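Colleague: Dropping a structure here in structure tokens format, bear with me for questions.
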């Protein structure tokens with residue numbers, strides 16, 4: 001009698017384990033929408049505000065994006081020290097690193113229904129990566145100033161650097177978006 005009760009217990013236990021395993025594998029098969037880390041999402045939202053692009057739900061259109069902010073970290077470091085040391089070479093390096101960051105953002109927002117702006121940004125990225133000549137003018141006099149078509153955009157760069165250091169990613173993204181907007185003019 002004890003052996004038949006034990007056998008029934010084993011059968012019930014195995015059935016329960018199989019049912020749990022089966023339902024667990026079904027849960028794994030469900031596709032859970034991926035979301036960007038909050039700092040990256042805030043930066044992208046700010047960037048889109050800065051370039052004045054209306055995309056609706058940023059979380060939805062960047063669902064499949066893989067974006068890090070590493071290039072921006074490098075760019076703001078180079079730009080900050082370029083301003084401090086009055087070094088046009090560091091500013092140019094920072095702008096090239098900024099272009100790499102903007103390229104990553106561009107790839108991340110390609111599903112956001114802003115194809116016209118995407119094409120313009122691609123052209124800007126290529127120009128910035130090849131050097132600043134023709135895109136911006138870096139003037140060194142008692143301070144470094146960055147101009148594009150006669151418009152001084154130094155303040156936007158310095159604001160972006162400060163917001164980055166303060167970890168105010170959305171505001172930093174707005175500044176970078178504004179810079180890109182000016183450079184697209």
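Just so it is clear, none of the values below were taken in a lab; they were calculated from the coordinates. These numbers were taken from a predicted model, which means no experiment stands behind them. Methodologically, a virtual Cβ is constructed for each residue, glycine included, from the backbone with ideal geometry; neighbour enumeration extends over all protein chains shown.
Colleague: Listed highest first by mean packing, meaning other Cβ atoms within 10 Å per residue, what order do 58-66, 106-114 come in?
Modeller: 106-114, 58-66
Colleague: I've got another one for you. Based on Cα coordinates alone, diagonalise the gyration tensor for region 33-172, multiply each eigenvalue by 5, take square roots, and list the semi-axes in whole Å, largest first.
Modeller: 27, 16, 12
Colleague: For the pair residue 122/residue 89, report the inter-label distance in nm, with labels modelled 7 Å from Cα in the Cβ direction.
Modeller: 3.4
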